[in-house]
1. Taking a 1.4 Å probe, which of E139, E81 shows the most accessible area, and what order do the others take after it?
2. Could you sort 143-149, 131-137 so that the peptide with the highest average Cβ count within 10 Å comes first and the rest follow in order?
3. If you take the Cα Rg of the range 66-157 and divide it by 2.2 N^0.38 Å, with N the number of residues, what do you get?
4. Let's see if you can work this out: charge +1 on each Lys and Arg Cβ, -1 on each Asp and Glu Cβ, no other charges. What is the dipole magnitude of the range 59-157 about its Cα centre, in debye to the nearest 20?
5. What full-extension length gain, to one decimal in nm, is calculated for R108 and R83 as 0.36 nm per residue of separation minus the Cα-Cα distance?
6. Length gain on complete extension for the stretch W40 to T148, per 0.36 nm per residue less the alpha carbon to alpha carbon distance?
Amino acid sequence: MRSTSRSPLTRLASIAGLVCAVAACQGHTVSTRPAQTTAWHEPSAYTYTLRSTGGERPLTGTFRVTVRAGKVVRAAGLDAESRAAVRRSPTLVPTIGTLLRELERARREGADQADVRYASAGYPRRITVDWSATAVDDEVRYEMSDYTPGSAGSAGN
């Protein structure tokens, strides 16, 4: 195969385009993975266990959460951190839908990381948000387990 020569101007333009593309991505994590989606829709009533870690914020620890009519009606702290969080601000504990909205906001606003993983049963299992990869203590990680859908009239766990 014979190499064809390109003009120096064409080569310069190609190199300049490559340099600009690399510079635009500097400092940002670029993911080539498609966004993970699911058919899961938040029911109006369910219970789940939330483990919230990362960052400097008031919502840390492990909580047992009961949701009825789309709102948290009971949040019990399962460790010292979460019990203190519930005492300080009992309305701070979110529904899974609230966590998914936080994830979507992070994606819209260009967070360096905004990922969700789903359990085989279909519900969100882990949400990770890191607003800036170079900042300290702005990342959050939510792990959901013991998810049990329930009817709006059922008693909480």
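1. Per-residue accessible area, sorted high to low, gives E81, E139.
2. 143-149, 131-137
3. After normalising by residue count via 2.2 N^0.38 Å, the value is 1.19.
4. 600 debye
5. Between R108 and R83, full extension yields an extra 5.8 nm.
6. 37.6 nm
The values are calculated or read from the model by the stated rules, or taken from the named source; none is laboratory data. Every value quoted in this text rests on a predicted model; they were computed, and no experiment measured them. In this analysis, Cβ positions are derived from the backbone assuming ideal geometry, glycine residues included, and neighbour counts consider all displayed protein chains. Calculation scope for accessible area: heavy atoms of the full protein, side chains included, ligands and nucleic acids excluded. Shrake-Rupley method; radii C 1.70, N 1.55, O 1.52, S 1.80 Å.
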